[in-house]
Amino acid sequence: MTGIYDAAGRATLDPSSGVPLYMQVERSLFARIESGEWGPGAQIPPEDVIAASYGVSRITIRQAIARLVDRGLLARERGRGTFVRDTKLTAGARGVTSFTQELTGRNVKAGALILAHEVKTAGEAGLADELQIDASAQVLQLRRLRTGDGRPVGLQTSTLPLGRFPGLDLIDFTDRSLYGVLREGYGLVPIEAIETMSVTNLARADAETLGVRQGAAAFQIERITLDARGRFEHVHSIMRGDRYQIRVVLREP
């Protein structure tokens, strides 16, 4: 039985197997990603180069890549090419967790670089209604670059009422979990969060901070978090579309 060999001389495809060639290519590309040949964030070769290496048509390669995109393993960026996603940064079903807890659960080291640490009034922050506090009440607004294993993942701006957390503005949150501080220092236990998610294109300043091109796709997430006493936090997040993915499993009740 004659197979098809890739550029390295490896037998990868068998036209007589009954399995469509695009599915065999998909399996082979998946194995190459899993082996680390193309690591997270790496750009894979163009379709015509991959097609030539496998000895199949570009249509076959396009089908295989589309299936890997649908599985969340690859991401296409218009005008740039196709890149390997960091599948460890896929947010699935979860409780009311922090970014640090979410990444730690995926064996990724979470980090944070402080970009802004300001005390404002809730009115100045434009969040009096969202936090259900008086416009003159003071809030801490903490803007951080969030990283996973040292690589930029997103930008988060957390706003919390200082009336509930006196002294919170004096704490250095570099590489510290905000929720960890709230739990250990203030006995806070979050019980519910309301999140609104949308897709946006990065403005130049945010794109530069995140290390991607202006206009790149990103997730925009607005979150209100509550404990037993009510709303205690508003978070605005911008997460890199090529490094962060949201997967939701739907089931019949």
When residue 190 is run through (1) within 25 Å of residue 220 (Cα to Cα); (2) in contact with a Pro (Cβ under 9 Å, 6 or more places away or on another chain), the failure sits at (2)
Q.
Yes or no: the range 2-10 includes at least one residue that is at pLDDT below 85, in contact with a Pro (Cβ under 9 Å, 6 or more places away or on another chain) and of a type in the set (S, T, N, Q).
A. yes
Screening 197, 239 for residues that are touching a strand residue (DSSP E or B) at 6+ places or on another chain (Cβ under 6 Å), within 29 Å of residue 41 (Cβ to Cβ) and surrounded by 19 or more Cβ atoms within 10 Å (Cβ to Cβ) leaves only 239
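Yes or no, residue by residue, for (1) touching a Phe, Trp or Tyr at 6+ places or on another chain (Cβ under 8 Å); (2) basic (Lys, Arg); (3) within 30 Å of residue 80 (Cα to Cα):
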{"residue": "155", "(1), (2), (3)": "no, no, yes"}
{"residue": "165", "(1), (2), (3)": "yes, no, no"}
{"residue": "171", "(1), (2), (3)": "no, no, no"}
{"residue": "181", "(1), (2), (3)": "yes, no, no"}
{"residue": "191", "(1), (2), (3)": "no, no, no"}
{"residue": "223", "(1), (2), (3)": "no, yes, no"}
- Return yes when residue 231 is surrounded by 15 or more Cβ atoms within 10 Å (Cβ to Cβ), among the charged types (D, E, K, R) and touching a residue at least 60 places away in the same chain (Cβ under 8 Å) and no when it is not. yes
Within the range 189-224, residues being within 15 Å of the chain's Cα centre (by Cα) and aliphatic (A, V, I, L, M) number 10
Just one listed residue, out of 45, 40, is at pLDDT 85 or above, in a loop (DSSP other than H, G, I, E, B) and surrounded by 14 or more Cβ atoms within 10 Å (Cβ to Cβ), and it is 45
Picked from the range 93-126 (must be at pLDDT 95 or above and buried (at least 17 other Cβ atoms within 10 Å of the Cβ)), the residue farthest from residue 243 (Cα to Cα) is 122
Scanning the range 129-140 for residues that are surrounded by fewer than 19 Cβ atoms within 10 Å (Cβ to Cβ) and modelled with pLDDT of 95 or more, the one nearest to the chain's Cα centre (by Cα) turns out to be 138
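Yes or no: residue 148 buried (at least 16 other Cβ atoms within 10 Å of the Cβ), within 28 Å of residue 213 (Cα to Cα), small (Gly, Ala, Ser) and in contact with a helix residue (DSSP H, G or I) (Cβ under 6 Å, 6 or more places away or on another chain)? Full working, then the answer.
On the way: buried (at least 16 other Cβ atoms within 10 Å of the Cβ): yes; within 28 Å of residue 213 (Cα to Cα): yes; small (Gly, Ala, Ser): yes; in contact with a helix residue (DSSP H, G or I) (Cβ under 6 Å, 6 or more places away or on another chain): yes.
Yes: the conditions hold for residue 148.
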Looking across the range 58-83 at residues that are part of a strand (DSSP E or B) and among the small types (Gly, Ala, Ser), the single one that is farthest from residue 241 (Cα to Cα) is 81
Pairs returned, first residue in the range 186-201 that is outside the structural domain of residue 238 (by TED's automatic domain parsing), second residue that is part of a strand (DSSP E or B), beta-carbon separation under 8 angstrom, 6 or more apart or interchain, are none
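Can you tell me which residue within the range 17-37, out of those that are on the phi < 0 side of the Ramachandran plot and not in a helix (DSSP H, G or I), is surrounded by the fewest Cβ atoms within 10 Å (Cβ to Cβ)? Please lay out each step first, then the result.
Of all residues in the range 17-37, those on the phi < 0 side of the Ramachandran plot come to 17, 19-35, 37.
Filter once more, so that each one left must be not in a helix (DSSP H, G or I): 17, 19-20, 35, 37.
Values: 17: 12, 19: 12, 20: 13, 35: 9, 37: 13.
By that ranking, first place goes to 35.
The values are calculated or read from the model by the stated rules, or taken from the named source; none is laboratory data. Computed from a predicted model, the values in this text were never measured in an experiment. Cβ: placed from backbone, ideal geometry, glycine included. Neighbour counts: every protein chain shown.
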